[in-house]
Amino acid sequence: MSVMKADSFRSEGRGDKLLDIIIWILVAFAVIVTAYPFIYVVSVAFSDGGAVARGEVIFLPKGLSLETFKMVMGYEQLWVAYGNSAFYTFVGTIVNIVFTCLAAYPLSRRHFFLRRKLNFFVVFTMYFSGGLIPTYMVVTGLGLYNSRLAMILPVLLSTYNMMICRSAMESVPNDLFENASLEGANDFYMLVNIAVPLIKPTLAVLTLYYAVARYNDFFNGMLYLGKAELQPLQMFLRRILILSSAEILQQAGTTGAAAAAQNTLKIRYVCIVLAAVPIFCITPFVQKYLVAGTMLGAVKG
């Protein structure tokens, strides 16, 4: 019997090792598939234009060159778009978090008499909406076309994020709110001084979600912003990637078909790198809250 058990343990051990090897191979493959496109974009952005045109750039940069970076960073419209995106991201994220907390708090209180009905309507909006054309008519009818508020008010609240925040507030012990109520505290005081401090990890995650969404938002800008001086960075990037890079080449004074072809490709990749820099700078500061905050918000449905 002991020999059979030993053989069984050995076979199970070999099976576990084989499973670990398969998992590591799949993880390595996923990392390569995910990381390689960005590494290639960065390599092309820093490579010499001739090496890029000849197709010599496969993984690492060939012939380091920063001329295209100087050309793109010298284009004034880039910094206007950067400033617009910074404004929409900063102001929009703050407004999103404030209204998310204001909506989540009453829906998390069990004694609120409209709690069930409002929760139903909130969930209903996740599956059904008025549609694009009615939304456009409402936004333009309110006079928000070609206004910075058009990038903030139509996306004032994410229903999914509000439900995460509501679940996190529901996990706060009810005794804290009851004791505060007995001391004469009102709901606004309990929201600011009890609920919000105790769900900081969840709010950090929601801040990251909102900030990335606001930074990457180009569709609302495409619908509601006709003035170039109000358009965010993503619309500038879209124009460079999809339409052309002629405006940057003309300002830089680039002449010749070959030089223009080389610089057009590099300009697109340089713009991608410059657009990704802010996200890579901000994410590490909130990364430690990601797992804990998401799990905290998912404790209850």
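The values are calculated or read from the model by the stated rules, or taken from the named source; none is laboratory data. What you are looking at is a predicted structure, and each value in this text was computed from that prediction instead of being measured. Note: ideal-geometry Cβ built from the backbone for every residue, glycine included; neighbour counts use all protein chains shown.
Could you go through region 193-214 and let me know if any residue there is farther than 30 Å from residue 275 by Cβ, in the same structural domain as residue 101 (by TED's automatic domain parsing) and among the charged types (D, E, K, R). Looking through region 193-214, none of the residues is farther than 30 Å from residue 275 by Cβ, in the same structural domain as residue 101 (by TED's automatic domain parsing) and among the charged types (D, E, K, R). Across region 156-185, the qualifying residues are those that are β-branched (Val, Ile, Thr) and surrounded by fewer than 18 Cβ atoms within 10 Å (Cβ to Cβ), and the one among them that is farthest from residue 96 (Cα to Cα) is 172. Residues of region 219-236 that are surrounded by 20 or more Cβ atoms within 10 Å (Cβ to Cβ) and among the hydrophobic types (A, V, I, L, M, F, W, C): 225, 230, 233, 235, 236.
On inspection, residue 38 qualifies as surrounded by fewer than 16 Cβ atoms within 10 Å (Cβ to Cβ), part of a helix (DSSP H, G or I) and within 20 Å of the chain's Cα centre (by Cα). Residues in region 95-113 that are out of contact with any Phe, Trp or Tyr (no Cβ under 7 Å at 6 or more places or on another chain) and at pLDDT 85 or above: 95, 98, 99, 100, 101, 102, 103, 104, 105, 107, 108, 109.
A count restricted to region 122-140 and to residues that are surrounded by 10 or more Cβ atoms within 10 Å (Cβ to Cβ) and in a helix (DSSP H, G or I) stands at 13. Restricting 126, 137 to residues that are assigned by TED's automatic domain parsing to the domain that holds residue 95 and at pLDDT below 90 narrows the list to 126. Cβ separations smaller than 8 Å between residues 6+ apart or across chains give the following pairs from region 154-168 residues that are within 11 Å of residue 104 (Cα to Cα) to residues that are of a type in the set (Lys, Arg) and assigned to a loop (DSSP other than H, G, I, E, B): 167/300. Taken over region 48-59, residues that are surrounded by 12 or more Cβ atoms within 10 Å (Cβ to Cβ) and either within 16 Å of residue 274 (Cβ to Cβ) or of a type in the set (A, V, I, L, M) (or both) amount to 4.
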